[in-house]
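Below is one structure, written out as structure tokens, with a few remarks after it.
The values are calculated or read from the model by the stated rules, or taken from the named source; none is laboratory data. Source: prediction; values computed, not measured. Here the Cβ positions follow ideal geometry from the backbone for every residue, glycine too, while neighbour counts run over all protein chains shown.
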Amino acid sequence: MQEASAPQAQQGHHGPPEGFIRKYVFSLDHKVIGKQYYALALVAVFIGMILSWLMRYHLIYPNGKIFGLEFLSKVGAPGGVMTPEYYLSLMTMHGTLMVFFVLTNAPFAAFGNYFLPIQIGAEDMAFPRFNMMSFWVTFVAFLVLMTAFFIPDGPPISGWTAYAPLSAVGPDAGPGQGWGQNLWGISIALFCVGSLLGSLNFIATTLDLRAKGMTLMRMPLSTWAWFITACISLLAFAVLLPACLLLVLDRMAGTSFFIPAGLVVSDRLQAHAGGSPLLWQHLFWFFGHPEVYIAILPAMGIVSHILVNSIRRPLLSAKVIIYSMMSIGFLSYMVWGHHMFVSGMNPFSSLMFSFPTLTITIPATVMTLIWLGSLYGARIRFTSASLFALGFISMFVSGGVSGFFLAQPSIDIYLHATYFVVGHFHMVMGVAAIFAVFAGTYFWFPKMTGRMMSEGLGKVHFWITFVGTYCIFMPFHYLGLAGNVRRYSSFVDDFLLPLMPVHRFITIAALITGAAQFIFLYNLIYSRFRGKVAPVNPWEATSLEWTIPSPPPWNNFGDRHPIVYHDPHQYGVKGSLGDYVMQDSPEKIENES
Amino acid sequence: MGKFFAVVLTIIALVSAVPIVRHTWWMPPDISTHGHAIDEQLTDTMAEAGFSFLAAQLLLAFFVWKFSERKDSGPIKSLPGGAKGLVIAALILVGTEMLALGVLGQKAWASVYFTPASPNALHVQAQAGQFAFYFRYPGADGKFGGLHPDKIDEGNQNYFGLDPANEVEARDDIVTGELAIPANREVLLLMHSKDVGHSFYVPELRMQQDFVPGLDLSVHFTATKVGRYEIVCTQLCGLGHYNMKAYLNVMAQDDFEKWLKQKASEQ
Amino acid sequence: MKVNHILMSGIAVLAAAAMAVAAPGSGTVSGKVTYEGTPAKQKPIDMSKEPSCAKEHATPITTEGVVTGAGNTLENVVVYISAGAPDGATAPAQAVTVTQKGCQYVPHLVALQVNQELKIVNEDQTSHNIHPLAKSNREWNKSQPPGSPAISEKFDKEEFIAVKCNIHPWMHSTFAVLKTSHYSVTANGGAFTLPNLPPGKYTISAWHESYGTQTQDVTITGSETKSISFVFKAKAY
């Protein structure tokens, strides 16, 4: 039973914020910082979504004019017709925005910053100044990235994975590989710094600032997920940061980390020698694989947290969920080579990477079975939040089973770089993780703003999104099985032409589902100002965030120092008033595990 | 709401399975000697993945239907066996399944990567460069001329940077834009990249391998069916990536020899 | 007598002024460009990777590095005044057009003046990408999908610019950007002519994409036609 030191001993603590700048701009308050991350993710996700509309439209009308596109880029879309390189630029920015600024920001930095300290009973994060810096560095990274849209040569075209030598040789490699790629490298390097600062905070806070009685095992599953994610994140971003710097050096300082000798690009012999393109891939994926678990683990934690509340009973075993998340985190560092099965690395290595990759299925399956098994005999309440949480389970299964194929090198010979892979990662990251963000939003909005979101609009949003994302991404797997190669700006090969009807279906589904997200945006903004006033605990939930006012005061618990008596899973408890017992309630519970 | 969720999810799960079961969009017929092992592996995995997918989705639908909160909801029950049972089941079932897939799957992988090319395989060099594939046959002397990047002159069809003025071996090299090979004869494809990363992919051949600048890579395979297939680039290489392809022409031995003679005369 | 004198000087001044301003000369330099030796074989271009272009050619076209004609004549030689030409040749308002058709640049070589508008048109069903590998001029690289408008560009320095299409590696061309307005590109038959030359001493250069540059000096005194010839040494490879 680990007890934390009393919160009065907290270092670097700040007083109540004064003045507009301190309150809303350069705030030390983890709640403001969490909201700032959320707002940044919201802007990024809408930009990323619009980019995906442009991409999907171009795929079915490659020579079609898109009204207004020539104002965004005269060279990229002359007369409104998207050039092949501009498609790749939009694709690169789509991936970069979504993976970094949405999926790492929203479930982890936004909700984690806001709720981790509250859920463990702390007044703020351990290092509020580092915390503020982490957001603003991330914000500057975003601005640097977006600048790429407005420079003459445009955004980079090498994808969010930026493989060398395409990304490393400079402008000879093609339009978009001029300053756009440099800006990308600098932006991501800055993002790494922001993430590292944030992760340090999460870890120190979780270990040192828990309230009295808040043992590690009594922390909510969302807090566990944020904590484990922060641990993974520390090592992963610490590798991406130097990788990006080396890439920028190759481009600007004439080094050759990733460029071998003798390359003739655009009729010019490149003045480099001795580098290895595979080195970039190893460095990138050593970060890149844990990164996708950085995206999904907080989502699993948020969904578990909301599910327990929505089904009015504890999960079959919270401990198993915690240990499964830990093993996923640990295994995530052993599998990066599965992105490189046919990359030219030693084929024996490919086999070695496939075994831990297949092994990750075990904790993922365990978690899915625990969620499913917990539904048995439960009493499920359907709210927008719980619908998205249940939808997450469905999406996680769909996205996860395609992993069985991709984990095997022999099958990957056929499926690598096809739409099968694109379908797989969109389902787990682009849908499942986003569902968790939606669930978290609908669940925690009342606490963050003091107002309720419209449940009616939320349910409409859910149904269109649930059916719509299946319509978009399930067909990606069929395309992949037919051999449809990815990252093509249009389909001109003989064997791809019969697949056009599938692409048209997907584009229509994408446009409709995308449009439905404006219902969510409207709901968010309208409810912020006109929503019904929210009570302190609208969902009858047990964790500490529901013991404080909506919205919480600057120091969360006011002058109280909460004392914790139970874990957050005390639902359906016999003999309690109502069917739940809050974590800080001194009420004794029989047979408490 | 619970019932609606269950119905919608069931429909989605069943509808999703239909194109898989009916092979509506599927792999093209295999034309290689090693491909059947890959196809079997994929079919086995599809059975397991398909079962897991349907079981999980239908179970989710069923539980959501049955256990919605109602006014007459009975006491909360727990799944028999609890977490322990599930963990053991997962470890054993999933563990064995994954081990089986991993262990069995390596046979297909080994047949491609751990078996050396046969000594009388046809040697062809493939060069990938933004944005086309070119192929080189060694000609009558059986030797390839050297590659000189500074001599590359694409406007005059010298894609490989050959130096026939100074190198005898280069004079009879045959450079083509199509990869023609005889059926039922093993081919050793020596892969060289001129500029950035590319990849060689022929779905029918069940073969995919990246070109890595600076690395001498090769693949070997035997095609069994005469026909014309597309080789497409699958490693993002720049703006023309979508239009980077060449044709693989699998021919009868006689036709191949005629073709090679014709190409030699055009050099 | 005095009136006559004034009149004559007046006319002389006017005549001199007229010659200095208008000065379209009437001298001509003309001739033929030929080669000696055996040129390298022009190879058929394999367009199989682009079926939409391959089908536009009943028989495959050949490379155009060396295009010859009857009597050992050479096509696509740019003959121009490289020194001695009167300064300040303003760019003509008329644009020069190059068309991408059947995955070929038509014409194979484009000669134009500094700051003259170059129009690039795509008549194929596939995207093309125009990349002039300029060293003194600004280097640019633009894609042109089918259906997009013509590209309009200018070059402000004299340079022989190698041009390639990134998407179709066999497509190569040259933009010969010249300061002078006195130039002639040899066609079938290898003939060139540089008319309207005022009297002066000129250096005439002949540039060929595979065989390099040759120069000759020519002096024009009045309205005569000077005949010169250039002979390039062919290379077997």
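List the strands (runs of 3 or more DSSP E) that sit entirely inside the stretch C:34-153 and contain at least 2 residues that are more than 10 Å from every other protein chain (Cβ to nearest Cβ).
C:78-83, C:96-101, C:104-106, C:109-113, C:118-122, C:128-133, C:151-153
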State whether the residues of the stretch B:63-80 include one that is more than 24 Å from residue B:8 (Cα to Cα), touching a helix residue (DSSP H, G or I) at 6+ places or on another chain (Cβ under 8 Å) and either free of Cβ contacts under 8 Å to residues at least 60 places away in the same chain or not in a helix (DSSP H, G or I) (or both).
yes
Any idea which residue in the stretch A:273-308 is nearest to residue A:109 (Cα to Cα), counting only those that are crowded, with 24+ Cβ neighbours inside 10 Å and within 14 Å of chain B (Cβ to nearest Cβ)?
A:303
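Yes/no per residue for (1) over 27 Å from residue A:316 (Cα atoms); (2) at pLDDT 95 or above; (3) acidic (Asp, Glu); (4) in contact with a His (Cβ under 9 Å, 6 or more places away or on another chain):
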| position | (1), (2), (3), (4) |
| --- | --- |
| A:546 | no, yes, no, no |
| A:553 | yes, no, no, no |
| A:557 | yes, no, no, no |
| A:560 | yes, no, no, no |
| A:576 | no, no, no, no |
May I ask you to list pairs of residues, at least six apart or on different chains, whose Cβ atoms are under 9 Å apart, with the first in the stretch A:194-211 being in contact (Cβ under 8 Å) with a residue 24 or more places away in the chain and crowded, with 24+ Cβ neighbours inside 10 Å and the second being assigned to a helix (DSSP H, G or I) and charged (D, E, K, R)?
A:210/A:218
Hey, does the stretch C:196-212 have a residue that's under 18 Å from residue C:97 (Cβ atoms) and surrounded by fewer than 24 Cβ atoms within 10 Å (Cβ to Cβ)?
no
Restricting attention to the stretch B:57-86, report how many residues are touching a Phe, Trp or Tyr at 6+ places or on another chain (Cβ under 9 Å) and either facing chain A (nearest Cβ under 7 Å) or within 16 Å of residue A:368 (Cβ to Cβ) (or both).
12
What about residue B:161, is it free of Cβ contacts under 8 Å to residues at least 40 places away in the same chain, at the interface with chain A (Cβ under 9 Å from one of its Cβ atoms), in contact with a His (Cβ under 9 Å, 6 or more places away or on another chain) and assigned to a loop (DSSP other than H, G, I, E, B)?
yes
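Please indicate, with yes or no, whether at least one residue in the stretch B:100-107 is out of contact with any strand residue (DSSP E or B) (no Cβ under 8 Å at 6 or more places or on another chain) and within 14 Å of chain C (Cβ to nearest Cβ). Break it down stepwise before answering.
From the stretch B:100-107, those out of contact with any strand residue (DSSP E or B) (no Cβ under 8 Å at 6 or more places or on another chain) are B:100-107; that's our starting set.
Among the residues that remain, those that are also within 14 Å of chain C (Cβ to nearest Cβ) are: none.
No, there is no match, as no residue in the stretch B:100-107 is out of contact with any strand residue (DSSP E or B) (no Cβ under 8 Å at 6 or more places or on another chain) and within 14 Å of chain C (Cβ to nearest Cβ).
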Just need a number here: residues in the stretch A:154-182 that are surrounded by 23 or more Cβ atoms within 10 Å (Cβ to Cβ) and within 14 Å of residue A:87 (Cα to Cα).
9
Is one or more of the residues making up the stretch A:535-550 part of a loop (DSSP other than H, G, I, E, B), on the phi > 0 side of the Ramachandran plot, touching a Pro at 6+ places or on another chain (Cβ under 9 Å) and surrounded by 14 or more Cβ atoms within 10 Å (Cβ to Cβ)?
no
The stretch B:1-35, residues that are among the β-branched types (Val, Ile, Thr), buried (at least 18 other Cβ atoms within 10 Å of the Cβ) and more than 10 Å from every other protein chain (Cβ to nearest Cβ)
B:31
Would the stretch A:179-186 turn up any residue that is over 21 Å from the mean Cα position of the chain (by Cα) and either outside any helix (DSSP H, G or I) or of a type in the set (Phe, Trp, Tyr) (or both)?
yes
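Quick test for you: out of A:143, A:190, A:166, A:200, pick the one residue that is within 14 Å of another protein chain (Cβ to nearest Cβ) and of a type in the set (A, V, I, L, M).
A:166
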Going through the stretch B:139-157 one residue at a time, which ones are within 18 Å of residue B:193 (Cα to Cα) and either β-branched (Val, Ile, Thr) or more than 9 Å from chain C (Cβ to nearest Cβ) (or both)?
B:144, B:145, B:146, B:147, B:148, B:149, B:150, B:151, B:152
Are any residues in the stretch B:172-187 more than 9 Å from chain C (Cβ to nearest Cβ) and either more than 16 Å from residue B:125 (Cβ to Cβ) or under 21 Å from the mean Cα position of the chain (by Cα) (or both), and if so, which ones?
B:179, B:180, B:181, B:182, B:183, B:184, B:185, B:186, B:187
Per the filter on the stretch B:228-255, residues away from chain A (no Cβ under 12 Å), of a type in the set (A, V, I, L, M) and not in a strand (DSSP E or B) are B:252
Note on the stretch A:405-422: residues aromatic (Phe, Trp, Tyr) and more than 8 Å from chain B (Cβ to nearest Cβ) are A:419, A:420
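Would you pick out the residues in the stretch C:126-170 that are among the β-branched types (Val, Ile, Thr) and closer than 12 Å to residue C:100 by Cα? Steps first, please.
Restricting attention to the stretch C:126-170, the residues satisfying the condition of being among the β-branched types (Val, Ile, Thr) are C:126, C:130, C:151, C:161, C:163, C:167.
Within the stretch C:126-170, C:126, C:130, C:151 qualify.
Looking at the structure I just gave you, is residue A:237 buried (at least 23 other Cβ atoms within 10 Å of the Cβ), assigned to a helix (DSSP H, G or I) and touching a Cys at 6+ places or on another chain (Cβ under 6 Å)? First the steps, then the outcome.
Numbers: buried (at least 23 other Cβ atoms within 10 Å of the Cβ): yes; assigned to a helix (DSSP H, G or I): yes; touching a Cys at 6+ places or on another chain (Cβ under 6 Å): yes.
Taking the combined requirement at face value, the residue satisfies it.
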